[in-house]
Amino acid sequence: MGPRAIIDIVSQPLPRLRLSLDFMPSPDPERPGLLIRDPYGFSDCMLLIPPQLVACLACFDGEQTELELRENLVRATGQIQIGDIERSLVESLSGAGFLEDEEFVRMRDERMREFAEAPVREASHAGSAYPDDAEEARAELSRFMQGAVPASQDSLIGIAAPHVSPFGGWESYRDAYATLGPAYAQRTFVLLGTSHYGEPDRFGLTRKPFVTPLGEAATDAALVDQLAAAAPDAVRMEDYCHAVEHSIEFQVLFLQHLFGANVRIVPILCGAFARSLRHGGNPEDDENIRRFFDALGEMRARESNLLWVLGVDMAHMGRRYGDSIAARAHAGEMLTVAERDRQRIDRINAADAAGFWSLVQEDQDPLKWCGSSPFYTFLKAVPNARGSLHRYQQWNIDEQSIVSFAGLSFRSSN
């Protein structure tokens, strides 16, 4: 092999580091660095990149080569012989499924196939966000619901609860679910959840029953199929995102705690309405989205036994979410965030879909409301809903970042 061939090999671009990964500082001061994990669950690995190598991750942009990586490693480590470090870094990233290469494609395709073929949607957050033992889960949920004050149940058609981890938002969960008395046990619950990882401007559906430590909730496959048939280009059937998404799983858990394991559900993940947010107009200007809204509205009119449950968080502020400020709940600039959150909540409670979306669109949503698409979907599908705010909260998800959320209920204005 001549010199030209050798140069061509080292000039090949390195694979791109996946943009969909989660990056966070190590929480362990004894082991500093950058933690990387895969929120999609294609890989179960978590890597800790030492501080001196973090800057070298920029070489994995799909354009820079092994030679450029070596140059960066020499500068970062002060060593000339960096072959072992280079090989370890590349192999670790690839083996974890963190690079856009053949290994990642294999992992992704296998994981998606496994979900498509699985008979049920298994609990993905049991043992982390809540106990994976049934009795322990029931005990924890009972503690969360203590002190619940039952509200008037006349004309109730829906609730909105957080999807933050239950231990962080339990008061808002409690106040939302306290409005659901025993009379609602036989309803079919239409669950509108934020799709954190799904395709923008699309809705993720699944026919699979949802399993938690409390048992198996039955998905109404007939209603799911009706939605898919009415707006096929708006949906992703057996959307893999259901396998890892928490926004619906937490609502299923609370419903099972109240009404028993075999509650009936229609689980719908709502992708971000990115086109409208970036370019203006309303989400339903997209014909596919409009058809899905229409299909939901027709289902509401046709099925008298539905009750709507939204799994939604609101603002995401602070360092974790790309802001320069260190956010503290209900303090400093977060007081202004609370005022702006409440303006949006007022529009939701007034069933003012256009007014709500106009507030979200301002400056392309600097509050970063991840629940905006489920809220808007609900307002378009159930235009006669009038809301009541039971509790508003901000919670420090870490020392420099907050998430806001609320407990709401909705009644019919007719």
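Among the residues of segment 47-72, just one is in contact (Cβ under 8 Å) with a residue 24 or more places away in the chain, hydrophobic (A, V, I, L, M, F, W, C) and open to solvent by 50 Å² or more (accessible area, probe 1.4 Å), namely L67. Comparison of W369, W395 shows that the only residue that is in a strand (DSSP E or B) and modelled with pLDDT of 95 or more is W395. Residues considered: A229, A243. Of these, the only one that is free of Cβ contacts under 8 Å to residues at least 12 places away in the same chain and either open to solvent by 30 Å² or more (accessible area, probe 1.4 Å) or not β-branched (V, I, T) (or both) is A229. Here's a check for you: in segment 238-272, which residue that is assigned to a loop (DSSP other than H, G, I, E, B) and among the aliphatic types (A, V, I, L, M) is nearest to L180 (Cα to Cα)? Among residues in segment 238-272 that are assigned to a loop (DSSP other than H, G, I, E, B) and among the aliphatic types (A, V, I, L, M), the one nearest to L180 (Cα to Cα) is V263. Of all residues assigned to segment 92-112, none qualifies as being over 32 Å from the mean Cα position of the chain (by Cα), open to solvent by less than 40 Å² (accessible area, probe 1.4 Å) and either under 30 Å from Q400 (Cα atoms) or touching a residue at least 12 places away in the same chain (Cβ under 8 Å) (or both). Regarding R278, is this residue modelled with pLDDT under 95 and either open to solvent by 10 Å² or more (accessible area, probe 1.4 Å) or over 30 Å from S142 (Cα atoms) (or both)? Yes, satisfied. For segment 363-385, the set of residues classified as hydrophobic (A, V, I, L, M, F, W, C) and out of contact with any helix residue (DSSP H, G or I) (no Cβ under 9 Å at 6 or more places or on another chain) consists of C370 only. Of all residues in segment 121-148, those satisfying the criterion of being under 21 Å from D44 (Cβ atoms), of a type in the set (A, V, I, L, M, F, W, C) and touching a strand residue (DSSP E or B) at 6+ places or on another chain (Cβ under 7 Å) are A123, A126. Restricting attention to segment 344-356, the residues that are touching a residue at least 40 places away in the same chain (Cβ under 8 Å) and either out of contact with any helix residue (DSSP H, G or I) (no Cβ under 6 Å at 6 or more places or on another chain) or surrounded by fewer than 21 Cβ atoms within 10 Å (Cβ to Cβ) (or both) total 4. As for segment 338-361, it holds no residue that is polar (S, T, N, Q), out of contact with any Ser or Thr (no Cβ under 8 Å at 6 or more places or on another chain) and farther than 23 Å from V382 by Cβ. Checked against (1) more than 25 Å from S372 (Cβ to Cβ); (2) open to solvent by 50 Å² or more (accessible area, probe 1.4 Å), P209 meets all criteria but (2). Only residues that are surrounded by 13 or more Cβ atoms within 10 Å (Cβ to Cβ) and among the charged types (D, E, K, R): list them for segment 26-46, please. Answer for segment 26-46, where residues must be surrounded by 13 or more Cβ atoms within 10 Å (Cβ to Cβ) and among the charged types (D, E, K, R): R37, D38. Does E362 satisfy being part of a helix (DSSP H, G or I) and surrounded by fewer than 18 Cβ atoms within 10 Å (Cβ to Cβ)? For E362, the condition - part of a helix (DSSP H, G or I) and surrounded by fewer than 18 Cβ atoms within 10 Å (Cβ to Cβ) - is met.
Of the numbered criteria (1) in contact with a Leu (Cβ under 9 Å, 6 or more places away or on another chain); (2) open to solvent by 10 Å² or more (accessible area, probe 1.4 Å); (3) assigned to a strand (DSSP E or B); (4) not polar (S, T, N, Q), the one E216 fails is (1). Of all residues in segment 171-206, those satisfying the criterion of being open to solvent by less than 30 Å² (accessible area, probe 1.4 Å), assigned to a loop (DSSP other than H, G, I, E, B), among the hydroxyl-bearing types (S, T, Y) and touching a helix residue (DSSP H, G or I) at 6+ places or on another chain (Cβ under 9 Å) are S195, T206.
Is it true that some residue in segment 323-343 is within 25 Å of G280 (Cα to Cα), free of Cβ contacts under 8 Å to residues at least 40 places away in the same chain, in a helix (DSSP H, G or I) and open to solvent by less than 40 Å² (accessible area, probe 1.4 Å)? No, that holds for no residue.
For every residue, the table says whether it meets (1) of a type outside the set (S, T, N, Q); (2) within 18 Å of L310 (Cα to Cα); (3) open to solvent by 70 Å² or more (accessible area, probe 1.4 Å); (4) touching a residue at least 60 places away in the same chain (Cβ under 8 Å).
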{"site": "D133", "(1), (2), (3), (4)": "yes, no, no, yes"}
{"site": "R138", "(1), (2), (3), (4)": "yes, no, yes, yes"}
{"site": "R143", "(1), (2), (3), (4)": "yes, no, yes, no"}
{"site": "Q146", "(1), (2), (3), (4)": "no, no, yes, no"}
{"site": "V149", "(1), (2), (3), (4)": "yes, no, yes, no"}
{"site": "I157", "(1), (2), (3), (4)": "yes, yes, no, yes"}
{"site": "H163", "(1), (2), (3), (4)": "yes, yes, no, yes"}
{"site": "G169", "(1), (2), (3), (4)": "yes, yes, no, yes"}
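Restricting attention to segment 286-307, the residues that are basic (K, R) and without any contact (Cβ under 8 Å) to a residue 40 or more places away in the chain add up to 2. Considering A295, A301, A272, the condition of being farther than 24 Å from K368 by Cβ, open to solvent by 20 Å² or more (accessible area, probe 1.4 Å) and not aromatic (F, W, Y) is satisfied by A301 alone.
The values are calculated or read from the model by the stated rules, or taken from the named source; none is laboratory data. Given the structure is predicted, the values throughout are model-derived calculations rather than measurements. Positions of Cβ are backbone-derived with ideal geometry, glycine not excepted, and every protein chain shown enters the neighbour counts. Accessible surface areas use protein heavy atoms only, side chains included; no ligands, DNA or RNA. Shrake-Rupley method; radii C 1.70, N 1.55, O 1.52, S 1.80 Å.
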